[in-house]
Amino acid sequence: MDLKDKICVVTGAASGIGRALCEAFAKEGAKHVVCVDMNGEGAAETAKAVGGTAFTVDVSNESQITDMIDAVERDIGPIDLYFSNAGIAIGGGMETPNSGWQRIWEINVMAHVWAARHLVPLMAARGGGYLLNTSSAAGLLNQVGSASYGVTKHAAVGLAEWLAMTHGDEGIKVSVLCPQAVRTEMTRGHEDHVAAINGMMEPEPVAQCCVDAIREETFLILPHEEVRGYMKNKTDNYDRWIGGMRKLNRKYGEQKF
């Protein structure tokens, strides 16, 4: 997809990867960039910087997502690309309370589902569109120290795969972003976390990786190229890979988000 003259929506736009993508889309000549975040002030700052429009939305609420999509379609124009980027992390394992599991599930998985549920029929009716969902390398490899993060990010990858294989013939393009550590509000103070084992990337190069992938319509976006090798190790010898992850767990398992 050529981003020039396209209407793009970005969630989690107040900072980090979301803000960097808003800036990158504007630089690519997008017709309009819609900046969405539950931090309304931050979304407004990003929108001002890119000449876009801000919406205050809690993506754990389906009706807020659909109301925002309806407002954009009505008042700005048909959405060409929707970047479902907002996400959270919760540390811990099975002891994580049900309320924590439910909230991270709603934000890291269901926000993607709700956006696609509403947008896919609209996009298909006009010949196509683009869905870009943020997952994580944890969605391909898992997450030491956080059961809920690893599980929900795996689900996000599975959803993106399903959307691509089910709606590709209707012109719906899908990409899934799977970085390791990126310098954002989520990772502030966690520079020595296991996710940063290959270094902590700045949001801007991650955004450029996304722009390049959208241009080529590439499904899997891996800003940290090392992840591809880890995936190969996993599929080549699952038991050996689990052994390696156990070693990482012994070293980093007590770290908290």
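The values are calculated or read from the model by the stated rules, or taken from the named source; none is laboratory data. Source: prediction; values computed, not measured. Cβ coordinates were reconstructed from backbone atoms using ideal geometry, including for glycine residues, and neighbour counts include every protein chain displayed. Heavy atoms of the whole protein, side chains included, go into the accessibility calculation; ligands, DNA and RNA do not. Shrake-Rupley method; radii C 1.70, N 1.55, O 1.52, S 1.80 Å.
Taking every residue in the range 80-99 that is open to solvent by less than 30 Å² (accessible area, probe 1.4 Å) and pairing it with any residue that is assigned to a loop (DSSP other than H, G, I, E, B) and of a type in the set (V, I, T), at least 6 positions away or on another chain, the pairs with Cβ-Cβ distances below 8 Å are S84/V59; A86/V59; T96/I90.
Quick check on the range 229-241: of everything there that is of a type outside the set (S, T, N, Q) and surrounded by 12 or more Cβ atoms within 10 Å (Cβ to Cβ), which residue is nearest to L159 (Cα to Cα)? Before you say what the answer is, go through the steps one by one.
So the first thing to find is which residues in the range 229-241 are of a type outside the set (S, T, N, Q), and the list is 229-232, 234, 236, 238-241.
Next cut, surrounded by 12 or more Cβ atoms within 10 Å (Cβ to Cβ) only: 230-231, 234, 241.
Numbers: Y230: 21, M231: 18, K234: 21, W241: 24 Å.
That would be M231.
Quick one: what pairs do we get from the range 62-75, first residue surrounded by 15 or more Cβ atoms within 10 Å (Cβ to Cβ), second polar (S, T, N, Q), C-beta under 8 Å, 6+ apart or different chains? What qualifies is V72/T53. Of all residues in the range 134-166 being surrounded by fewer than 20 Cβ atoms within 10 Å (Cβ to Cβ) and small (G, A, S), which is farthest from V176 (Cα to Cα)? Selected residue: A147.
Filter the range 220-257 down to residues that are in a loop (DSSP other than H, G, I, E, B) and closer than 22 Å to A13 by Cα, then give me how many there are.
Start the filter on the range 220-257 by keeping residues that are in a loop (DSSP other than H, G, I, E, B), which leaves 222-225, 237, 253-257.
If we keep only those that are closer than 22 Å to A13 by Cα too, we end up with 222-224, 257.
Final tally of qualifying residues: 4.
In the range 172-205, of all residues being among the aliphatic types (A, V, I, L, M), modelled with pLDDT of 70 or more and touching a Ser or Thr at 6+ places or on another chain (Cβ under 9 Å), the one that is most open to solvent (accessible area, probe 1.4 Å) corresponds to M200.
In the range 100-133, the qualifying residues are those that are of a type in the set (V, I, T) and open to solvent by less than 20 Å² (accessible area, probe 1.4 Å), and the one that is nearest to K4 (Cα to Cα) is V120.
Residues considered: D2, D58. Of these, the only one that is touching a residue at least 24 places away in the same chain (Cβ under 8 Å) and either in a loop (DSSP other than H, G, I, E, B) or open to solvent by less than 30 Å² (accessible area, probe 1.4 Å) (or both) is D2.
Taking the criterion of being of a type in the set (V, I, T) and either in a loop (DSSP other than H, G, I, E, B) or within 24 Å of E217 (Cβ to Cβ) (or both), would at least one residue in the range 37-48 satisfy it? First the steps, then the outcome.
Narrowing the range 37-48 to residues of a type in the set (V, I, T): 46.
Subset that is either in a loop (DSSP other than H, G, I, E, B) or within 24 Å of E217 (Cβ to Cβ) (or both): none.
Among the residues of the range 37-48, not one is of a type in the set (V, I, T) and either in a loop (DSSP other than H, G, I, E, B) or within 24 Å of E217 (Cβ to Cβ) (or both), which makes the answer no.
Which residue out of A43, A20, A14, A24 is under 18 Å from A71 (Cβ atoms), surrounded by 23 or more Cβ atoms within 10 Å (Cβ to Cβ) and of a type outside the set (F, W, Y)?
A43 is the lone residue from the list that is under 18 Å from A71 (Cβ atoms), surrounded by 23 or more Cβ atoms within 10 Å (Cβ to Cβ) and of a type outside the set (F, W, Y).
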